[in-house]
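Below is one structure, written out as structure tokens; the observations come after it.
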Amino acid sequence: LTTGTADFDWASSGSRLLPGAICDNLTSFGGVFTPEAGQTPLAAFIRAGAAGASGTVIEPYALAEKFPAPALHVHYARGACLAEAFYRSVRSPYQLLVVGDPLCQPWARIPAVDVAITADPQSRKPLDTATPLAGTVAILPRGAPAGPAPIGRYELFVDGLRLATSRDGGPLPLDTRRLSDGYHELRVVAIESSPLETQGRWIRGVMVANHGHQLSLSGGADEVTTAETLTIHIAGTPADAVTVFTAGRVLERRTPSGPAVATDITIPAAALGPGEVTLHATAFLENVAVANAMPITVRVTDQPSSPVTPQSRPPESGGPSR
């Protein structure tokens with residue numbers, strides 16, 4: 001949807017937004033969220049179910065370069081993600097606020113990716129990933145494009161860091177001896193050779209064992225409310241320090257006092273925020289990470305401030321109750 005009315009009531013329009021819809025409002029203050037702005041904010045579209053919407057935060061005047069061109073919808077329908085569709089169609093975006101899911105791409109043709117992990121690329125015999133990896137292994141990617149463009153390259157990421165690239169579908173080498181023992185996330189990304197470079201992903205958690213270090217997380221609950229606390233137990237081989245973190249944010253750092261790691265950590269659930277939260281732990285020796293624990297996931301739910309009493313709807317005049 002592209003519209004240009006300064007004040008509107010979407011609910012009364014009788015219209016419906018399908019999942020993935022982009023809405024753009026060519027008005028002066030759609031990106032201003034204060035009551036005195038005088039115009040309906042872009043949030044009205046988000047509230048109605050749009051995947052993304054935009055609005056200017058200051059008077060843009062009648063300068064077309066400050067608004068998305070109609071090509072916005074062309075880029076989106078060709079498979080670009082929402083953010084790329086916007087920024088391919090705006091010449092001067094400096095007063096524009098874009099809100100929504102930047103990676104939404106309902107028309108993308110996403111390639112399928114599968115992977116085998118082997119110790120010998122020549123034999124291509126896959127390893128049992130239920131057994132910890134050791135030494136040097138090879139990641140063998142296999143991809144199937146979803147559109148006319150072939151896959152141009154594969155990239156290997158370990159714990160979010162790109163370590164290897166293959167342009168011909170050949171093996172992606174991984175020396176696990178350079179990694180700490182314990183859990184790591186492997187991610188192989190297949191990138192098609194079209195101008196959009198649409199990506200497909202294979203993601204797998206594996207265990208690594210080369211140096212004899214160990215660390216584990218246990219205990220806790222599958223679900224807690226924001227009013228409760230979460231207690232987890234950490235155990236492992238000797239370490240100078242242990243950190244517990246989520247999404248890159250350190251929640252607790254402990255210095256073990258005994259010959260091995262054995263400690264309990266209590267975390268207020270409110271500090272995690274509502275939703276599904278994955279907790280990680282890493283052990284250090286001389287400031288070098290030596291072991292990662294298998295992560296655990298907990299769901300944090302909001303604690304209502306007071307019980308809600310259901311209310312029955314009064315019967316409508318002249319008809320039965322509904």
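Let me spell it out: the conditions are (1) assigned to a loop (DSSP other than H, G, I, E, B); (2) more than 27 Å from G273 (Cβ to Cβ), and V206 meets all of them except one. Which number is the exception?
Condition (1) is where V206 drops out.
Is it the case that F33 is of a type outside the set (S, T, N, Q) and assigned to a loop (DSSP other than H, G, I, E, B)?
yes
For segment 150-191, which positions are buried (at least 18 other Cβ atoms within 10 Å of the Cβ) and in a helix (DSSP H, G or I)?
T176
From the residues in segment 65-80 that are assigned to a loop (DSSP other than H, G, I, E, B) and open to solvent by 20 Å² or more (accessible area, probe 1.4 Å), which one is farthest from L196 (Cα to Cα)?
Only one residue fits best here, namely F67.
Within segment 126-149, can one find any residue that is touching a residue at least 24 places away in the same chain (Cβ under 8 Å), under 25 Å from D240 (Cα atoms) and assigned to a loop (DSSP other than H, G, I, E, B)?
Among the residues of segment 126-149, at least one is touching a residue at least 24 places away in the same chain (Cβ under 8 Å), under 25 Å from D240 (Cα atoms) and assigned to a loop (DSSP other than H, G, I, E, B), which makes the answer yes.
Inside segment 16-41, can you point out the residues that are open to solvent by less than 40 Å² (accessible area, probe 1.4 Å) and of a type in the set (S, T, Y)?
Answer for segment 16-41, where residues must be open to solvent by less than 40 Å² (accessible area, probe 1.4 Å) and of a type in the set (S, T, Y): T27, S28, T40.
Considering each residue of segment 243-292, count those that are part of a loop (DSSP other than H, G, I, E, B), of a type outside the set (A, V, I, L, M) and open to solvent by less than 50 Å² (accessible area, probe 1.4 Å), and give that number.
So the count comes out to 3.
For segment 111-118, check the following and say yes or no: at least one residue is surrounded by 17 or more Cβ atoms within 10 Å (Cβ to Cβ) and not in a strand (DSSP E or B).
Among the residues of segment 111-118, at least one is surrounded by 17 or more Cβ atoms within 10 Å (Cβ to Cβ) and not in a strand (DSSP E or B), which makes the answer yes.
Considering A62, A11, A83, A44, which residue is open to solvent by 40 Å² or more (accessible area, probe 1.4 Å), in a helix (DSSP H, G or I) and small (G, A, S)?
That would be A11, the only listed residue that is open to solvent by 40 Å² or more (accessible area, probe 1.4 Å), in a helix (DSSP H, G or I) and small (G, A, S).
Are there any pairs, at least 6 apart or on different chains, whose C-beta atoms fall under 6 Å, with the first in segment 53-80 and touching a residue at least 24 places away in the same chain (Cβ under 8 Å) and within 10 Å of D24 (Cβ to Cβ) and the second part of a loop (DSSP other than H, G, I, E, B) and not small (G, A, S), and if so, which?
Filtered contacts from segment 53-80: A53/L42; G55/L42; F67/L26; P68/V90.
The values are calculated or read from the model by the stated rules, or taken from the named source; none is laboratory data. No experiment lies behind these values; they were computed from the predicted model shown. FYI the Cβ positions are ideal-geometry reconstructions off the backbone, even for glycines, and counts take in every protein chain you see. For the accessible areas, the whole protein counts, side chains as well, though only heavy atoms, and no ligand, DNA or RNA atoms are used. Shrake-Rupley method; radii C 1.70, N 1.55, O 1.52, S 1.80 Å.
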